[in-house]
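One structure is given here, and the rest of the page talks about it.
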Amino acid sequence: MLIIADNNKLPYKKSEFDMVIGKLVTNFSAREVFRILKKNGNFIYKEYGKYKGMKELFASCGLIPRPLGR
């Protein structure tokens with residue numbers, strides 16, 4: 001199923017998904033991803049360029065980013 005929605009206000013309940021896949025993630029949309037992601041869930045995203053703010057954003061949510069395949 002594909003649902004197109006505003007990434008700053010996703011139409012899902014809190015802790016609804018085990019995995020979320022995204023790209024071009026901003027601080028605002030990342031907060032929504034963390035809201036709908038279950039505890040110990042996986043968030044896979046494509047980071048373009050060298051935006052270093054995502055690491056700090058993850059840490060502020062108690063998350064530790066790790067590269068895929070490691």
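In table form, for the structure just shown:
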item	result
Region 1-17 - residue that is of a type in the set (A, V, I, L, M, F, W, C) and in contact with a helix residue (DSSP H, G or I) (Cβ under 9 Å, 6 or more places away or on another chain) and, of those, modelled with the highest pLDDT	Phe17
Lone qualifier among Val33, Val20 - being modelled with pLDDT of 80 or more, open to solvent by less than 80 Å² (accessible area, probe 1.4 Å) and assigned to a strand (DSSP E or B)	Val20
Close pairs from region 1-15: first open to solvent by 100 Å² or more (accessible area, probe 1.4 Å), partner not in a loop (DSSP other than H, G, I, E, B), Cβ under 7 Å, at least 6 apart	Lys9/Glu32; Lys14/Arg35; Lys14/Ile36
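The values are calculated or read from the model by the stated rules, or taken from the named source; none is laboratory data. Given the structure is predicted, the values throughout are model-derived calculations rather than measurements. No Cβ is skipped: glycine too gets one built from the backbone with ideal geometry, and neighbour counts run over all protein chains shown. Side chains included, ligands, DNA and RNA excluded: accessible areas come from the protein's heavy atoms. Shrake-Rupley method; radii C 1.70, N 1.55, O 1.52, S 1.80 Å.
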